[in-house]
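Right, one structure below, let's go through it.
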Amino acid sequence: MAKRRKSRKQSNWQIIIRTFIILFVLIVAFAAFRYYRRQAIQSEQLRQEQIAREEARQKIIRQHKAFIKEIGPIAKEVNKSFELLPSIAIAQACLESDYGQSSLSQKYNNLFGVKGTNPNTSAILSTKEYEKGKWVVVKARFQIYDSYEASIRAHSRLFQKGTSWNAHQYQHVLAAQNYRKQAYALVKDGYATDPEYAEKLIKLIEQYHLDRFDK
């Protein structure tokens, strides 16, 4: 009898141990399942976010290319009679009008932030200026144009005629023979206050191969 009770106790303990092991395995399996499921969900979320970012990036690129396609031929045609390279004019329009998305370009066809003085042909808007080593928001009066072509033509004419106080203001721009030299000449001749203006133009020209309009 004693041996039989001992055997029965051992059997009970074996059942308890096996049950514990099974429960432990199930708990570990469940935890692993939840972990990998959470990882899978996070991976899918990251993948969807990457897809969304890429789609947004591609949309922006398409908008940029559409704007360049619209003004590129205009700049090339207009600059036949001027000494400013079309690639420079296009890059400036892209940079200064945010590829035609700025209020100034959309409402008033002003691609280059040209200031105005006549209240009948200009509008007051907020703009950013680089002053004393930092960007500040100021109010200024900007010229209104009938079309992008009128804006580009006036812009190109500025470099040939110069400013009201200096007819030779842009002599280095006109003398430059390639887009890199013209970009740096714009800064040298005081066209832009942004110290990185030339580098930004060159980057745009090379990113979108705008020099093809110079040929």
Scope the range 116-129; condition among the aliphatic types (A, V, I, L, M) and surrounded by fewer than 16 Cβ atoms within 10 Å (Cβ to Cβ); matching residues
Ile124
Does the range 82-98 contain at least one residue that is out of contact with any strand residue (DSSP E or B) (no Cβ under 8 Å at 6 or more places or on another chain), at pLDDT below 80, closer than 16 Å to Ile152 by Cβ and among the charged types (D, E, K, R)?
yes
Taking the range 118-149 and keeping only residues that are hydrophobic (A, V, I, L, M, F, W, C) and within 18 Å of Gln101 (Cα to Cα), one is left with Ala123, Ile124, Leu125, Phe142, Ile144
I'm trying to understand the selection: among the residues of the range 117-169, which are aromatic (Phe, Trp, Tyr) and at pLDDT below 95?
Tyr130, Trp135, Phe142, Phe159, Trp165
Of the residues that make up the range 148-157, is at least one in contact with a Phe, Trp or Tyr (Cβ under 9 Å, 6 or more places away or on another chain) and over 16 Å from Val78 (Cβ atoms)?
no
Based on what the data block shows, is Ile88 more than 20 Å from Lys200 (Cβ to Cβ) and of a type in the set (A, V, I, L, M, F, W, C)?
no
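In the range 117-215, which helices (runs of 4 or more DSSP H) lie fully inside it and hold 1 or more residues that are more than 18 Å from Glu83 (Cβ to Cβ)? Give the derivation first.
On the way: elements: 148-161, 171-175, 179-188, 197-207.
Hits in the range 117-215: 148-161, 197-207.
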Tell me the residue from Ser156, Ser103, Ser147, Ser151 that is under 22 Å from the mean Cα position of the chain (by Cα) and closer than 28 Å to His64 by Cβ, please.
Ser103
In the range 130-143, how many are of a type outside the set (Gly, Ala, Ser) and surrounded by 13 or more Cβ atoms within 10 Å (Cβ to Cβ)?
4
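The values are calculated or read from the model by the stated rules, or taken from the named source; none is laboratory data. Since this is a predicted model, take the numbers as computed values, not measurements. Please note: Cβ atoms are built from the backbone with ideal geometry, for glycine as well, and neighbour counts cover all protein chains shown.
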